[in-house]
Amino acid sequence: MENSFKSPIVILANGAFPTHLIPLEILEDAGTVICTDGSANTLAKLDLTPHVIIGDLDSIDPNYEFHGLEIHDPNQENTDLEKALDWAVMNGIESVTLIGATGLREDMTVANHYILFEYFEKLNIEIVTDHSTITCHRGQRSFDSFPGETVSLFPRRFGTVVSTTALKYPLNEMVLDPSARAISNQSLGATFSVDASEPILIFRGHPEN
């Protein structure tokens, strides 16, 4: 069913709407926009229309007229963002960018970071905020970068062994626990890599305007 939707595919969650040029351009250039429930209200205020709305639909303005694909999922065991991601996986979608996944509610911001741990093996997935691009992986992965880019690492599990290349403060088989120990590193050039024995979140800062 993925062929029914144009890439790139963006899921707009119901957090803080972005103001930075990078997430705004991603949203503007999306081939398909999937809204999680009430985030459709935000788009409507901007005279924009999503292609798909997914969720329990308890937050949508009752006067909102929508003629796209509407998927009502009343399950209260998962969030609307999880419902959208599950739907994407079921329909063979391979890559998604999450916008609006942070801000407003601190608990939902933390929960949406944990969502990356749950879905990174099912989808090529990233969160883009006003400050960072956030991804999750296990094993070795290289990243496009620029000199001075802020790079922060957050492992999921205690005792995660991490090695890096091309960062100002190198990690060589360092044992990391979930903490603030590996934040605010810096990239030295056009690429860097992170090798982690367990799933790890990578925060990459946006260039300064």
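Each Cα pair under 8 Å and six or more residues apart adds its separation to the average, and for the chain the resulting relative contact order is 19 percent.
Within the chain, how many Lys pairs that are eight or more residues apart, or on different chains, come under 30 Å at the alpha-carbon? Numbers along the way, then the final one.
Working: LYS6/LYS45; LYS6/LYS83; LYS6/LYS122; LYS45/LYS83; LYS83/LYS122.
Count of close lysine pairs: 5.
Other residues within the sphere of radius under 10 Å centred on the Cβ of ILE202, judged by their own Cβ, net out at +1 (K and R +1, D and E -1). Within the chain, antiparallel bridges make up roughly 60 percent of the DSSP beta bridges whose residues both belong there. Cβ crowding within 10 Å, taken as a proxy for footprinting-reagent exposure, orders ILE9, ILE53 from fewest neighbours to most as ILE9, ILE53.
When each of ARG157, ARG204 is scored by the number of other beta-carbon atoms lying within 10 Å, the sequence from fewest to most is ARG157, ARG204.
Look at where the Cα atoms of region 30-80 and of region 129-156 average out, and the two centres are 29 Å apart.
I need the chymotrypsin sites (Phe, Trp or Tyr not before Pro) found in region 95-181, filtered to DSSP loop residues with at most 11 other beta carbons within 10 Å of theirs. Spell out each step's value before the answer.
On the way: sites: TYR114, PHE117, TYR119, PHE120, PHE143, PHE158; in loops: PHE120, PHE158.
In loop regions of region 95-181 (DSSP not H, G, I, E or B), the sparsely surrounded chymotrypsin sites (Phe, Trp or Tyr not before Pro) are PHE158.
Ordering MET90, MET108, MET174 from the fewest to the most neighbouring beta carbons within 10 Å gives MET90, MET174, MET108. Semi-axis lengths, largest first, of the ellipsoid equivalent to region 2-130 are 18, 17, 16 Å, with √(5λ) applied to each eigenvalue of the Cα gyration tensor. Helical runs (DSSP H, four residues minimum) scored at -39500 (n - 2.57) apiece and divided by the length of the chain put the mean residue ellipticity at 222 nm at -5500 deg cm²/dmol. For region 135-205, dividing the convex hull volume of the Cα atoms by the residue count gives 65 Å³ per residue.
Readers should treat all values here as calculations from the given coordinates under stated rules, not as data from a laboratory. The structure presented is a predicted model; accordingly, all values stated were derived computationally and were not measured. A quick note on method: Cβ atoms are made from the backbone with ideal geometry, for glycine too, and the neighbour counts reach across all protein chains shown.
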